[in-house]
1. Specify which of the listed residues (Asp116, Asp94) is under 23 Å from Gly45 (Cα atoms), of a type in the set (Asp, Glu) and touching a Gly at 6+ places or on another chain (Cβ under 7 Å).
2. So is Asp132 of a type outside the set (Gly, Ala, Ser), open to solvent by 40 Å² or more (accessible area, probe 1.4 Å) and farther than 21 Å from Ser44 by Cβ or not?
3. Quick one: is Val267 touching a strand residue (DSSP E or B) at 6+ places or on another chain (Cβ under 6 Å), modelled with pLDDT of 95 or more and among the β-branched types (Val, Ile, Thr)?
4. Among Tyr83, Tyr95, Tyr105, Tyr62, which is the only one that is under 30 Å from Lys191 (Cα atoms) and either surrounded by 15 or more Cβ atoms within 10 Å (Cβ to Cβ) or of a type in the set (Ser, Thr, Tyr) (or both)?
5. Given (1) surrounded by fewer than 19 Cβ atoms within 10 Å (Cβ to Cβ); (2) of a type in the set (S, T, N, Q); (3) part of a loop (DSSP other than H, G, I, E, B), where does Thr378 come up short, assuming only one miss?
6. Collect the residues in the stretch 326-365 that are outside any strand (DSSP E or B) and either open to solvent by less than 20 Å² (accessible area, probe 1.4 Å) or of a type in the set (Gly, Ala, Ser) (or both), keeping them in residue-number order.
7. Looking at Gly32 and the list (1) open to solvent by 30 Å² or more (accessible area, probe 1.4 Å); (2) on the phi < 0 side of the Ramachandran plot, which single condition is not satisfied?
Amino acid sequence: MRIFFVLSWLCVAFNGWTQPDYIKTVQCYPAGNPFAEPVITLGSGQQLFFAFDDLSPEVNSYSYQIVHCDPEWNPSNLSSFSYLNGFYSNPLNDYNNSFNTQVSYTHFTLKFPNEDVSVKLSGNYLLQVYNDDNPDSIVISQRFAVVENRVLIQASVKTSTLPQYLNTSQQLNFTVSYDNLPVYNPIKDVKVCVTQNQDPNSRRNFTPAFVRQNQLVYGDGMNNVFNGLSPFRNFDCSSLVYYTQYVKDVVKGPDGLYNFILQPGSVYTVYTPVPNRDGNFLVQAENVNNPELEADYIVAHFAIYYPQEIPGADVYVYGKFSGWRLLPAQKMTYDAKNKAYVGEVELKQGYYDYMYAVVFQGKGEPDLVTLQGNFYQTRNEYNIRCYVYDYNLGAYRFVGYQTVGNNF
């Protein structure tokens, strides 16, 4: 089987394309750190690890290219010659077929940068995968970023100073110091955004509350207040024999697939600390040498009790394992007899964090409070990004990145 990858641009990273059902378990992270955001430092020698499984019975041929984006993930209009070293399109030769699994798949991997291609500039990038038989259709659109550490970001997470949010929210305060970077108009030329738990749907843009000499101060007590949410729910399906916490039963179906029946959940009414990995997932399987190729696919059955169907809303199983997208395959239905939302998702063996997301009609963003709860004590991760416009380049440089959590 001959496989090529091509990464090409589409204007909308999450809503302008549909990932086929046969593409699963897309992973992208700094090599050696599977729970980190896909952010590497320019010129550091760091590499990104990118992988996915193709469950199609067909022999597919892919291609890829890498596109520089602005802070909002729109195309930057830069020529590829200005931001890439090497070839614009490159074959991916690293692929293997699964073995000893009930579900057959081909596992593709890529490390970037590599001897074929690397980037010259910091910034946001899209790695997009096309099927060569249908080059107008994207099958994967993966965000990643390359940072040059030119500013100092100092941040802390506190309880909210606003009384009405004291029991439910967290307040992020931070400063950006740019002593070693020329900034002509800090209000116009600097863009800062924050995401919570690596979730791009939580992205929030910030303007400084104060401007000091070579320093921007963020935090006005309103825009910097985030829902505390509740801890991610989780389960482990690494073993096909032993039950782990939050797994009620394991049943082998007539098709040979293992069905993991998870313990039904409920809306948290009081803060309940649950160890988790901030929404991440990890492929792993018991008693195998290579989980990437020997881990099987299972069917996870989810359920959460709720007294009635939520009017005008859809409910999804939600997390990083689905690219933080609201996938039709992860949409739940309401079981009136048992008064619960139920759903099932095909997943590769491993560890998974997840939440139940509610999407109300007319609102595209997921509501993570209605079926989860909202508590100031919840441990959350905040990822701060700083961009500065370079007039000589005609584009934004990604000049600062900082991750901070709370320790209430």
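The values are calculated or read from the model by the stated rules, or taken from the named source; none is laboratory data. Note that the structure is predicted; figures quoted are calculated from it, not measured. Counting neighbours? That spans all protein chains shown, and the Cβs are built from the backbone with ideal geometry, glycine included. The accessibility values were calculated without ligands, DNA or RNA, using every heavy atom of the protein model including side chains. Shrake-Rupley method; radii C 1.70, N 1.55, O 1.52, S 1.80 Å.
1. It is Asp116.
2. It is true that Asp132 is of a type outside the set (Gly, Ala, Ser), open to solvent by 40 Å² or more (accessible area, probe 1.4 Å) and farther than 21 Å from Ser44 by Cβ.
3. Judged against the criteria, Val267 is not a match.
4. Answer to the check: Tyr83.
5. (1)
6. Of everything in the stretch 326-365, those that are outside any strand (DSSP E or B) and either open to solvent by less than 20 Å² (accessible area, probe 1.4 Å) or of a type in the set (Gly, Ala, Ser) (or both) turn out to be Ala329, Gln330, Met332, Ala336, Gln349, Gly362, Gly364.
7. (2)
Yes/no per residue for (1) in contact with a helix residue (DSSP H, G or I) (Cβ under 9 Å, 6 or more places away or on another chain); (2) among the charged types (D, E, K, R); (3) part of a strand (DSSP E or B):
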{"residue": "Lys191", "(1), (2), (3)": "no, yes, yes"}
{"residue": "Ser202", "(1), (2), (3)": "no, no, yes"}
{"residue": "Val217", "(1), (2), (3)": "no, no, yes"}
{"residue": "Asp220", "(1), (2), (3)": "no, yes, no"}
